[in-house]
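Participant: I have a structure here, written as structure tokens, and I will follow up with some questions on it.
The values are calculated or read from the model by the stated rules, or taken from the named source; none is laboratory data. Source: prediction; values computed, not measured. Glycine gets a Cβ as well: all are built from the backbone with ideal geometry, and neighbour counts include every protein chain shown.
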Amino acid sequence: MATSRRLELYSPLTRAECLERLSAKMDLENSFVPLAIFFGPRAIIGRIDGHCLQLRQQTGLGRLFRMFFNGIVRPCRDGTAIEGEFSPHFLVSVFAFICSLGVFLGAGFYLEITVLRFLTGTRSYDLWLGVLIPALSVLAMVVIPRLLRGAAEAEMKFVENFLRETLEAVDEKIAGAEALRGGRVVAAGT
């Protein structure tokens, strides 16, 4: 699965404006009456608690393999800094380990039975399955994590673009360099 990635953005808006815009453009998680029933689902779902926020892309796949953005919104210079980290759900590594162990042990057991049948002279029509199933299992253990990593990268980019567009934000390093030169920070696309 994908590893964590840090994100630091700068917005020329105030902290209150940033939080207000975020609240207006996302569905709140764990709300008593989901607003999606009345207004349709929004692309981002999350929570805002004071200056802390947790965001993720809203999909129908549940929460386990989603990438979460956990961050803070704090005043900075003439605007607001948004800092945080993308990270997977905490159970992803446990689930991946258990699945990999199950596939590895199952494929190994099936291969061992096939080798024993071959060495003892027991001929069966399913000997080719004893080689094919472990090979496919190992292939799945290589391919599936790569697919999940690609999906996670796409989700992180989606949430990052959402933050940039909603908050008129730019990279904090770029904003710092502009401020040092005395230039005005202009959000991307404006």
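Participant: Please verify whether region 110-123 includes one or more residues that are of a type in the set (D, E, K, R), surrounded by 13 or more Cβ atoms within 10 Å (Cβ to Cβ) and modelled with pLDDT of 80 or more.
Facilitator: Narrowing region 110-123 to residues of a type in the set (D, E, K, R): 112, 117, 123.
Within this subset, residues satisfying the condition of being surrounded by 13 or more Cβ atoms within 10 Å (Cβ to Cβ) are 117.
Filter once more, so that each one left must be modelled with pLDDT of 80 or more: none.
No - not one qualifying residue is present in region 110-123.
Participant: Need pairs with beta-carbon distance below 7 Å; first residue in contact (Cβ under 8 Å) with a residue 60 or more places away in the chain and within region 11-22, second assigned to a helix (DSSP H, G or I); sequence gap 6+ or separate chains.
Facilitator: Filtered contacts from region 11-22: S11/C18; S11/L167; L13/L167; C18/L167; R21/T166; R21/L167; L22/T166.
Participant: Let me ask you something else. Take the residues in region 35-92 that are among the β-branched types (V, I, T), at pLDDT below 90 and over 16 Å from F162 (Cβ atoms); name whichever of them is nearest to the chain's Cα centre (by Cα).
Facilitator: This residue is V92.
Participant: Within the set of pairs 6+ apart or on separate chains, which have a first residue in region 163-174 that is at positive phi, a second that is at pLDDT 90 or above, and C-beta atoms under 6 Å apart?
Facilitator: Matching pairs, first to second residue: E168/S11.
Participant: Tell me, yes or no, whether region 103-118 has at least one residue that is of a type in the set (S, T, Y), free of Cβ contacts under 8 Å to residues at least 24 places away in the same chain and more than 28 Å from E168 (Cα to Cα). Quick ask: steps written out before the conclusion?
Facilitator: Taking region 103-118 as the starting set, the residues that turn out to be of a type in the set (S, T, Y) are 110, 114.
This time we only want the ones that are free of Cβ contacts under 8 Å to residues at least 24 places away in the same chain, so: 114.
Next, from what is left, pick out any that are more than 28 Å from E168 (Cα to Cα): 114.
Yes, region 103-118 contains at least one residue that is of a type in the set (S, T, Y), free of Cβ contacts under 8 Å to residues at least 24 places away in the same chain and more than 28 Å from E168 (Cα to Cα).
Participant: With V185, V131 as the choices, which residue is of a type in the set (V, I, T), in contact with a helix residue (DSSP H, G or I) (Cβ under 7 Å, 6 or more places away or on another chain), modelled with pLDDT under 80 and surrounded by fewer than 15 Cβ atoms within 10 Å (Cβ to Cβ)?
Facilitator: Details: V185 fails: surrounded by fewer than 15 Cβ atoms within 10 Å (Cβ to Cβ).
One residue alone meets the criteria, V131.
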